[in-house]
Every structure is written in structure tokens, then in C-alpha cells.
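The values are calculated or read from the model by the stated rules, or taken from the named source; none is laboratory data. The structure presented is a predicted model; accordingly, all values stated were derived computationally and were not measured. Here the Cβ positions follow ideal geometry from the backbone for every residue, glycine too, while neighbour counts run over all protein chains shown. In case anyone asks, the SASA skips ligands and DNA or RNA and just uses the protein heavy atoms, side chains included. Shrake-Rupley method; radii C 1.70, N 1.55, O 1.52, S 1.80 Å.
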Amino acid sequence: MIFVTVGTQLPFDRLLDAMNTYAGQSDLSVVAQAGPGADPARWPHLQVHNHLAPPEFERLFRAAELVVAHAGIGTVLSAQRFDKPLVVVPRRADLAEHRHARQLATATRLETRSGLHVAWTTEALAELLAARHDLERPRRSPSAEQAALIRGVAEFINQS
């Protein structure tokens, strides 16, 4: 199952249209949290939910093989937390998908992060979905503080 989440503020029809096309050509189930006011009839190949309560959102996130989403920080953190490969499609202000270019900046800043794959276009999204079995999962690397603590403990143990 692929889980799609677009956040809760503005519609993201471009992403949902692309995922509907993919789901129509795939035997894989695609569940989408489409946001308030979204019309599920527009995407007949998706299991559309306008809103998901936090426990259901978490259940679907955990069950997903892959998560596809807008470039929201909450989704990025959830993918890391649940060890899920994440494909982000940044919302674009020039297409009236957002009020500013923050998602483009977020995607640019995070695109080298392990387990995060940026689809700058719907064509790139289709390519990533075709290669979904090969997409890298997030690697958990310790923070600088954690790494320093690990080195300190290792040095202490080695001196004993």
C-alpha cells in the first residue's frame, strides 16, 4: 500500500491526479489523506479520506510500503520516525498550491537526506513510483551530540 498525504491547509490536486493515474495502472492499493473539501469522486482509483484522526493516520503511515506527500516537515519527520521511504512533491505557489515557496526551499534543503526522494515534476514522480522497490529508506545517523557521547563512552570503555 502507498499512503499519500497532502497536509491540511490547501488542496493539492496535481499530486492526487498523478497518484490516481498511477493507481489506475497498478494493482497496489493507494490510500490518500486529501485534505478538507476534496471530492473523493474526482479520484476513483484512490481510497480518499478528507481527514484522518491521528491514530488512523499513524496506522496507515506504519502500514505503508511507501509514503508520497507534499514537502511538509511533519511528514518528513514521520517518515524518519516510522522508517519509511518518502517521495515528496513540493507544492508550488506559481500553481496556486501554496502561498509561498517554502516547500520548494524545504525540498531543496532536504533532497540529499537519506530515504527522502524529491519529485520536482509529476513525470519524475512516475519514475520514482516505478522504482519504488529500490528506494532507499531513511538511515538513522546520530546527531553531533549523540556521536560525541558515543565516542566518549567508547573511549572510557577502551581505557578500562
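Things worth noting here:
- The sole residue among Val48, Val4 that is in a strand (DSSP E or B) and within 20 Å of Ala124 (Cα to Cα) is Val4.
- Once region 51-78 is narrowed to residues that are part of a helix (DSSP H, G or I), free of Cβ contacts under 8 Å to residues at least 60 places away in the same chain and aliphatic (A, V, I, L, M), the residue that is most open to solvent (accessible area, probe 1.4 Å) is Leu77.
- Among residues of region 109-155, those that are touching a Gly at 6+ places or on another chain (Cβ under 6 Å) and either open to solvent by less than 50 Å² (accessible area, probe 1.4 Å) or at pLDDT 90 or above (or both), counted: 1
- Enumeration of residues in region 25-50 that are exposed (fewer than 14 other Cβ atoms within 10 Å of the Cβ) and closer than 18 Å to Glu65 by Cβ: Gln25, Asp27, Leu28
- The set of residues in region 12-28 that are more than 16 Å from the chain's Cα centre (by Cα) and outside any helix (DSSP H, G or I) comprises Gln25, Ser26, Asp27, Leu28.
- The set of residues from region 53-79 being under 8 Å from the mean Cα position of the chain (by Cα) and among the polar types (S, T, N, Q) comprises just one member, Thr75.
- Contact annotation: residue pairs with Cβ atoms under 6 Å, 6 or more positions apart or on different chains, pairing a residue in region 79-93 that is of a type outside the set (Val, Ile, Thr) with a partner that is in a helix (DSSP H, G or I), are Phe82/Phe61; Phe82/Arg62; Leu86/Ala79; Pro90/Gln103; Pro90/Leu104; Pro90/Ala107; Arg91/Gln103.
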